[in-house]
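Each value in this text was obtained by applying a stated rule to the coordinates, not by laboratory testing. It should be emphasised that the depicted structure is a prediction, and the values quoted were computed from it without experimental measurement. Counting neighbours? That spans all protein chains shown, and the Cβs are built from the backbone with ideal geometry, glycine included.
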Amino acid sequence: MIWYPYEQMKTMKQPYDIIDADGVYLYTQDKKLIDSISSWWSVIHGYKHPALTEAIREQASRFSHVMLGDLSHRPVRELSDKLESFLPGDLNYCFFSDSGSVAVEVALKMAMQFYTNQGMKRKKVLSLTNSYHGDTFKAMEVGDDEDYHFAFDKKEDVIHIPTEIDALEDAFERYHEQLNCMIVEPLLQGAGGMLMYDISFLERARQLCDEYNVILIFDEVATGFGRTGNRFVADLVCPDILVLGKALTGGYIGHAVTVACEKVFRAFYSDNDRHAFMHGPTFMGNALACSVALKSIEVFETENYMSKIRNITDIMRDEMRGFADERVKEVRIMGGCICLEVKESKTLDGFREFAYERGVFSRPFGRCMYAMVPYIIKEDELRHILRTMKDFYK
Ligand SMILES: *Cc1c(COP(=O)(O)O)cnc(C)c1O
């Protein structure tokens with residue numbers, strides 16, 4: 001029997017059985033549904049994209065996977081070269097892993113060992129309230145989301161602050177000698193409630209991290225590849241370590257990467273074996289994943305995705321103009337993301353079924369009714385999703 005994610009198995013609703021998928025559409029036996037959440041925000045090019053599918057087919061005809069211990073291959077080399085030029089600053093060192101959570105663990109281990117390799121101990125991590133960084137243990141500790149973490153103890157080595165510059169300055173004032181890193185979901189906090197904040201907070205964080213030699217980590221597992229309306233938030237403020245996942249492979253295969261800057265890499269590069277980075281997921285650098293990720297980035301670049309995303313933002317703003325309902329606290333829009341935050345989570349009961357009847361797949365959580373659409377969505381399809389959201393309040 002399948003044990004489903006984030007569900008009380010005793011009361012969970014029947015999942016929709018998908019038998020085919022194409023473009024923005026998911027197909028059940030008798031329904032055609034627009035996927036308004038891009039399979040957890042990853043399927044940016046839609047399903048069954050001919051070029052992506054072909055990239056996998058082509059690589060599978062050679063080999064699907066070889067380990068990276070003592071072996072290497074062209075797809076993983078090409079992808080790391082591509083990321084080196086595609087990403088800002090000196091984010092040049094790519095450590096691959098099989099999921100976003102693991103890539104976050106890798107980033108946090110790198111930040112901690114950055115100091116121990118230099119004979120220093122700095123134990124504390126600064127992170128944000130309402131943050132989500134994955135479901136593995138350290139990722140959970142730096143995260144701050146009751147719904148995910150209530151069953152586990154809070155750890156003292158993590159300090160959570162709101163996205164306010166005063167709180168940021170205060171935390172650095174008090175803890176800077178003990179901080180090894182600060183980790184954030186930049187501009188858009190996803191699973192913690194689709195919260196959006198200003199770039200000035202990150203600019204100040206960059207200054208303070210420089211001043212006190214604290215590693216700045218951007219978890220762009222969700223925000224990377226255009227979701228905030230920027231290619232990467234790292235284009236605006238450059239972190240020391242960048243974590244990418246979800247859309248990295250266009251949502252085709254689970255894969256992620258932790259990209260370190262020169263300064264971080266240099267702290268590991270030495271004649272001392274004990275300075276090596278001791279981590280190595282079995283499937284890191286998987287050849288199918290790397291091939292499809294390369295193709296995904298190529299399509300993203302050549303088909304002018306940033307203008308597609310600007311269009312999506314414009315349509316969202318246009319469709320939501322003048323919308324208000326007493327049950328809805330706020331409508332937030334950024335890049336390819338829209339969230340209607342309601343006052344009471346129970347008012348979202350029944351929305352999944354309401355949307356299904358109208359040919360839209362949606363999965364609200366907490367107090368968020370939201371959409372994170374594939375970037376290839378057409379205007380009428382996007383308007384249909386947005387009207388479905390509004391019509392729920394008629
Ligand atoms: C989804 C997500 C993760 C975890 O990625 P998985 O591939 O599910 O392990 C980490 N950080 C952020 C910001 C995410 O949205």
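Measure up 13/346; 32/394; 109/155; 109/138; 246/378; 346/394 against 19 Å on the Cα-Cα distance and list the ones that go over. Mind showing how you got there, number by number?
Values: 13/346 16 Å; 32/394 24 Å; 109/155 16 Å; 109/138 9 Å; 246/378 22 Å; 346/394 17 Å.
Pairs exceeding the cut-off: 32/394; 246/378.
Considering only DSSP beta bridges with both partners in the chain, what is the antiparallel share in %, to the nearest 5?
On the way: 30 of 46 bridges.
Percentage antiparallel, nearest 5: 65.
Using a cut-off of 18 Å between alpha-carbon atoms, which aspartates and glutamates can reach residue 82, once sequence neighbours fewer than 8 places away in the same chain are excluded?
Leaving aside aspartates and glutamates fewer than 8 places away in the same chain, those within reach of residue 82 are 90, 220, 235, 262, 298, 301, 303.
Determine the distance separating the Cα centre of segment 159-175 from the Cα centre of segment 1-42; give it in Å without decimals.
Going from one Cα centre to the other spans 40 Å.
So which GluC sites (Glu not before Pro) in segment 319-383 pass both tests, a DSSP loop state and at most 16 other Cβ atoms within 10 Å of the Cβ? Display every interim value, and only then the final one.
Working: sites: 319, 326, 330, 341, 344, 353, 357, 379, 381; in loops: 326, 344.
In loop regions of segment 319-383 (DSSP not H, G, I, E or B), the sparsely surrounded GluC sites (Glu not before Pro) are 326, 344.
Under the classification rounded if a/c is under 1.5, otherwise prolate if a/b is larger than b/c and oblate if not, where does the chain fall, given a ≥ b ≥ c as square roots of the Cα gyration tensor eigenvalues? Mind dumping the intermediate values first?
Details: a/c = 1.75, a/b = 1.27, b/c = 1.38.
Oblate shape, in that a/c is at least 1.5 and b/c is the bigger or equal ratio.
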